[in-house]
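As C-alpha coordinates, the structure follows; a few thoughts come after it.
The values are calculated or read from the model by the stated rules, or taken from the named source; none is laboratory data. Quantities reported herein were computed from a predicted structural model and do not represent experimental measurements. Here Cβ is always computed from backbone atoms with ideal geometry, including for glycine, and neighbour counts include all displayed protein chains. Please note that ligands, DNA and RNA were not included when accessible areas were found on the heavy atoms of the full protein model with its side chains. Shrake-Rupley method; radii C 1.70, N 1.55, O 1.52, S 1.80 Å.
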Amino acid sequence: MTVSCPPGQVPISGGAYATVGQPLYSNMVALVESMPAQNTQGAYGWTAAARSGPKPLTVTVHAVCIYAPAGYEVAEQYHFTIDRNAPLVTTCPTGKVAFGGGGTVYGGTRNLNQSYPGPAGSASPNQWIVSGYDVHAEQLRVDGYAICADPIAGLTTTRYTHTTSDDVAGGVLQCATDKKVVGGGAAVTGYDDTLVTSRPLTAAESGARDGWQVQATGNSTPHGVDLYVTCY
(Lines give C-alpha, C1' and ligand atoms only; values in the text may rest on other atoms or scores of the structure.)
Protein backbone atom coordinates (compact mmCIF):
# COMPACT_ATOMS: atom_id res chain seq x y z
CA MET A 1 0.00 0.00 0.00
CA THR A 2 1.13 3.56 -0.74
CA VAL A 3 -0.12 6.90 0.55
CA SER A 4 0.80 10.20 -1.14
CA CYS A 5 1.60 13.52 0.48
CA PRO A 6 -0.46 16.62 -0.36
CA PRO A 7 0.72 18.48 -3.47
CA GLY A 8 3.98 20.34 -2.88
CA GLN A 9 4.90 18.41 0.26
CA VAL A 10 7.38 15.59 0.86
CA PRO A 11 7.55 12.73 3.40
CA ILE A 12 9.75 13.48 6.39
CA SER A 13 8.94 10.04 7.84
CA GLY A 14 6.24 7.39 7.81
CA GLY A 15 5.12 4.05 9.11
CA ALA A 16 2.61 1.24 8.91
CA TYR A 17 0.77 -1.49 10.77
CA ALA A 18 -0.59 -4.88 9.76
CA THR A 19 -3.62 -6.71 11.15
CA VAL A 20 -5.32 -10.05 10.44
CA GLY A 21 -8.65 -9.53 12.21
CA GLN A 22 -7.72 -11.54 15.29
CA PRO A 23 -5.40 -11.19 18.30
CA LEU A 24 -1.69 -11.19 17.50
CA TYR A 25 0.35 -14.17 18.59
CA SER A 26 3.49 -15.97 17.51
CA ASN A 27 4.98 -15.06 14.12
CA MET A 28 1.69 -14.95 12.23
CA VAL A 29 1.92 -11.46 10.68
CA ALA A 30 4.92 -9.29 9.86
CA LEU A 31 5.84 -6.03 8.21
CA VAL A 32 8.31 -6.62 5.39
CA GLU A 33 8.52 -3.08 4.02
CA SER A 34 8.05 0.47 5.30
CA MET A 35 9.87 3.18 3.35
CA PRO A 36 9.55 6.43 1.39
CA ALA A 37 7.71 6.16 -1.93
CA GLN A 38 9.73 7.69 -4.76
CA ASN A 39 9.50 8.36 -8.47
CA THR A 40 11.66 10.24 -10.97
CA GLN A 41 10.67 13.56 -9.34
CA GLY A 42 11.71 12.39 -5.87
CA ALA A 43 9.97 11.24 -2.67
CA TYR A 44 6.20 11.80 -2.72
CA GLY A 45 4.72 9.58 0.03
CA TRP A 46 5.11 6.37 2.00
CA THR A 47 4.79 2.72 0.99
CA ALA A 48 4.53 -0.45 3.09
CA ALA A 49 3.90 -4.18 2.77
CA ALA A 50 3.30 -7.12 5.09
CA ARG A 51 2.85 -10.89 4.97
CA SER A 52 0.84 -13.35 7.04
CA GLY A 53 -0.56 -16.87 7.14
CA PRO A 54 -4.13 -16.01 8.20
CA LYS A 55 -6.32 -13.93 5.92
CA PRO A 56 -7.55 -11.33 5.28
CA LEU A 57 -4.43 -9.22 5.83
CA THR A 58 -4.87 -5.47 6.20
CA VAL A 59 -2.00 -2.99 5.85
CA THR A 60 -2.46 0.66 6.89
CA VAL A 61 0.16 3.21 5.83
CA HIS A 62 0.97 6.63 7.32
CA ALA A 63 3.11 9.44 5.90
CA VAL A 64 4.29 12.46 7.89
CA CYS A 65 4.40 15.21 5.26
CA ILE A 66 5.83 18.74 5.27
CA TYR A 67 7.16 21.30 2.83
CA ALA A 68 10.75 20.31 2.11
CA PRO A 69 13.13 21.68 4.76
CA ALA A 70 16.60 22.99 3.95
CA GLY A 71 18.95 20.25 2.80
CA TYR A 72 16.18 17.67 2.26
CA GLU A 73 17.27 14.48 0.51
CA VAL A 74 16.77 10.72 0.72
CA ALA A 75 19.94 8.67 1.21
CA GLU A 76 19.50 5.09 0.04
CA GLN A 77 21.18 1.71 -0.34
CA TYR A 78 19.81 -0.95 -2.68
CA HIS A 79 19.96 -4.75 -2.56
CA PHE A 80 22.61 -5.16 0.09
CA THR A 81 23.11 -8.77 1.19
CA ILE A 82 23.48 -9.02 4.96
CA ASP A 83 23.25 -11.74 7.60
CA ARG A 84 19.82 -12.10 9.17
CA ASN A 85 19.43 -9.77 12.17
CA ALA A 86 22.53 -7.85 11.03
CA PRO A 87 22.08 -4.08 10.59
CA LEU A 88 22.19 -2.22 7.29
CA VAL A 89 23.21 1.34 8.18
CA THR A 90 22.34 4.21 5.84
CA THR A 91 24.14 7.43 6.78
CA CYS A 92 23.12 10.99 5.94
CA PRO A 93 25.62 13.28 4.22
CA THR A 94 27.97 15.15 6.55
CA GLY A 95 26.22 17.80 8.61
CA LYS A 96 22.69 16.46 8.12
CA VAL A 97 20.40 14.59 10.52
CA ALA A 98 17.97 11.70 9.96
CA PHE A 99 14.37 12.78 10.44
CA GLY A 100 12.96 9.43 9.34
CA GLY A 101 13.74 6.36 7.28
CA GLY A 102 12.84 2.81 6.47
CA GLY A 103 13.59 -0.22 4.38
CA THR A 104 12.43 -3.39 2.72
CA VAL A 105 13.44 -7.03 3.19
CA TYR A 106 13.30 -9.51 0.31
CA GLY A 107 12.53 -13.24 0.55
CA GLY A 108 9.68 -15.70 0.93
CA THR A 109 9.37 -15.80 4.72
CA ARG A 110 11.17 -12.60 5.63
CA ASN A 111 10.37 -10.16 8.43
CA LEU A 112 11.35 -6.56 9.03
CA ASN A 113 12.59 -6.48 12.62
CA GLN A 114 14.50 -3.20 12.88
CA SER A 115 13.87 0.24 11.41
CA TYR A 116 15.09 3.05 13.64
CA PRO A 117 17.27 6.17 13.88
CA GLY A 118 20.89 5.73 14.87
CA PRO A 119 23.41 5.57 16.30
CA ALA A 120 21.26 3.92 18.97
CA GLY A 121 20.42 6.34 21.74
CA SER A 122 21.73 9.41 19.93
CA ALA A 123 19.79 12.63 20.52
CA SER A 124 20.79 13.84 17.02
CA PRO A 125 20.85 10.73 14.81
CA ASN A 126 22.42 10.88 11.36
CA GLN A 127 21.73 7.26 10.36
CA TRP A 128 18.82 4.94 9.68
CA ILE A 129 19.25 1.28 10.59
CA VAL A 130 17.23 -1.63 9.21
CA SER A 131 17.49 -5.40 9.48
CA GLY A 132 15.43 -8.49 8.81
CA TYR A 133 14.93 -12.11 9.79
CA ASP A 134 14.07 -15.22 7.81
CA VAL A 135 13.91 -18.60 9.51
CA HIS A 136 14.83 -20.30 6.21
CA ALA A 137 17.77 -18.09 5.19
CA GLU A 138 21.07 -17.15 6.80
CA GLN A 139 21.36 -14.07 4.57
CA LEU A 140 18.84 -11.53 3.29
CA ARG A 141 18.67 -8.86 0.63
CA VAL A 142 17.74 -5.49 2.16
CA ASP A 143 17.17 -1.90 0.99
CA GLY A 144 17.72 0.98 3.41
CA TYR A 145 16.64 4.64 3.34
CA ALA A 146 17.42 7.68 5.49
CA ILE A 147 15.42 10.89 5.11
CA CYS A 148 17.93 13.65 5.76
CA ALA A 149 17.91 17.42 6.15
CA ASP A 150 19.84 20.20 7.82
CA PRO A 151 19.60 20.21 11.64
CA ILE A 152 16.90 22.29 13.30
CA ALA A 153 16.85 23.55 16.88
CA GLY A 154 14.50 21.75 19.23
CA LEU A 155 14.51 18.38 17.45
CA THR A 156 14.71 15.50 19.96
CA THR A 157 14.88 11.71 19.68
CA THR A 158 13.91 9.48 22.60
CA ARG A 159 14.22 5.72 23.11
CA TYR A 160 12.29 3.41 25.44
CA THR A 161 12.65 -0.38 25.87
CA HIS A 162 9.65 -2.63 26.57
CA THR A 163 10.04 -6.31 27.50
CA THR A 164 7.15 -8.64 28.29
CA SER A 165 6.15 -12.30 28.53
CA ASP A 166 2.84 -11.45 26.83
CA ASP A 167 2.25 -12.17 23.13
CA VAL A 168 2.96 -8.60 21.99
CA ALA A 169 5.64 -6.13 23.10
CA GLY A 170 5.48 -2.41 22.44
CA GLY A 171 3.30 0.53 23.27
CA VAL A 172 3.21 4.26 22.59
CA LEU A 173 6.12 6.64 23.13
CA GLN A 174 4.90 10.23 23.28
CA CYS A 175 6.54 13.58 22.70
CA ALA A 176 7.01 16.13 25.44
CA THR A 177 4.21 18.63 26.04
CA ASP A 178 3.61 21.01 23.12
CA LYS A 179 5.78 18.97 20.73
CA LYS A 180 4.58 17.06 17.66
CA VAL A 181 5.79 13.79 16.22
CA VAL A 182 8.25 14.06 13.33
CA GLY A 183 9.23 10.40 13.06
CA GLY A 184 9.97 7.24 14.94
CA GLY A 185 11.07 3.66 14.68
CA ALA A 186 11.55 0.35 16.41
CA ALA A 187 14.01 -2.50 16.91
CA VAL A 188 13.10 -5.91 18.31
CA THR A 189 15.36 -7.48 20.91
CA GLY A 190 14.11 -11.08 20.57
CA TYR A 191 16.11 -13.21 18.11
CA ASP A 192 13.20 -14.11 15.81
CA ASP A 193 10.71 -11.40 16.77
CA THR A 194 9.23 -9.19 14.07
CA LEU A 195 7.65 -5.77 13.76
CA VAL A 196 3.89 -5.64 13.26
CA THR A 197 3.41 -1.92 13.89
CA SER A 198 5.71 1.11 13.68
CA ARG A 199 3.80 4.27 12.89
CA PRO A 200 2.83 7.77 14.05
CA LEU A 201 -0.26 8.43 16.12
CA THR A 202 -3.04 10.35 14.40
CA ALA A 203 -4.76 13.43 15.75
CA ALA A 204 -7.92 11.37 16.27
CA GLU A 205 -6.01 8.97 18.55
CA SER A 206 -3.91 11.36 20.63
CA GLY A 207 -5.54 14.72 20.02
CA ALA A 208 -2.24 16.23 18.96
CA ARG A 209 -0.26 13.86 16.69
CA ASP A 210 2.32 13.59 19.45
CA GLY A 211 3.53 9.99 19.60
CA TRP A 212 4.74 6.81 17.92
CA GLN A 213 3.17 3.35 18.30
CA VAL A 214 5.12 0.07 18.09
CA GLN A 215 4.09 -3.59 18.30
CA ALA A 216 6.35 -6.63 17.96
CA THR A 217 5.69 -10.34 18.32
CA GLY A 218 7.36 -13.67 17.61
CA ASN A 219 7.92 -17.27 18.63
CA SER A 220 10.39 -16.80 21.48
CA THR A 221 9.70 -15.26 24.88
CA PRO A 222 10.12 -12.87 26.47
CA HIS A 223 9.38 -10.41 23.68
CA GLY A 224 11.21 -7.11 23.67
CA VAL A 225 11.35 -4.01 21.51
CA ASP A 226 13.02 -0.60 21.57
CA LEU A 227 10.64 2.26 20.73
CA TYR A 228 11.91 5.52 19.20
CA VAL A 229 10.16 8.85 18.70
CA THR A 230 11.51 12.03 17.09
CA CYS A 231 9.70 15.23 18.05
CA TYR A 232 9.77 18.94 17.32
Once each part is reduced to its C-alpha centroid, what is the distance from region 145-173 to region 41-86 in angstrom?
16 Å
At 7 Å along the Cα-to-beta-carbon direction for both Val172 and Tyr160, put a label point, then send me their distance in nm to one decimal.
1.0 nm
Quick check: pseudo-label points 7 Å beyond the Cα along Cα→Cβ at Asn219 and Asn85, how many nm apart are they?
1.3 nm
With R₀ set to 45 angstrom, the calculated FRET efficiency between the beta-carbons of Val135 and Gln38, to the nearest 0.05, is 0.90
With every protein chain left in place, what is the accessible area per residue of the chain in square angstrom, probe 1.4 Å?
42 Å²
With springs connecting C-alpha atoms under 10 Å apart, model the chain as a Gaussian network and identify which of Ser122, Ser165, Ser52 has the largest mean-square fluctuation.
Ser165
How much net charge surrounds Leu140 when only the other residues with a Cβ under 10 Å from the Cβ of Leu140 are counted, with Lys and Arg +1 and Asp and Glu -1?
0
Which net charge results for the neighbourhood of Thr94, defined as the other residues with beta-carbon distances under 14 angstrom from its beta-carbon, given Lys and Arg at +1 and Asp and Glu at -1?
-1
Relative contact order of region 101-232, pairs being alpha-carbon contacts under 8 Å that are 6 or more residues apart, as %
28 percent
Between Tyr232 and Thr2, the FRET efficiency computed from the C-beta separation at R0 = 25 Å comes out, to the nearest 0.05, as 0.50
Tell me, what % of the accessible area of region 94-232 is carbon and sulfur with a 1.4 angstrom probe?
47 percent
Would you work out if region 31-179 is rounded, prolate or oblate? Take a ≥ b ≥ c from the square roots of the eigenvalues of the alpha-carbon gyration tensor; rounded if a/c is under 1.5, else prolate when a/b is larger than b/c, oblate otherwise.
prolate
Only Lys, Arg, Asp and Glu count, each charged at its Cβ (+1, +1, -1, -1), so figure out the dipole size of the chain about its Cα centre, rounded to 20 debye.
280 debye
Listed residues Gly154, Val135, Met28: farthest to the positive end of the dipole of the chain (Cβ charges)
Gly154
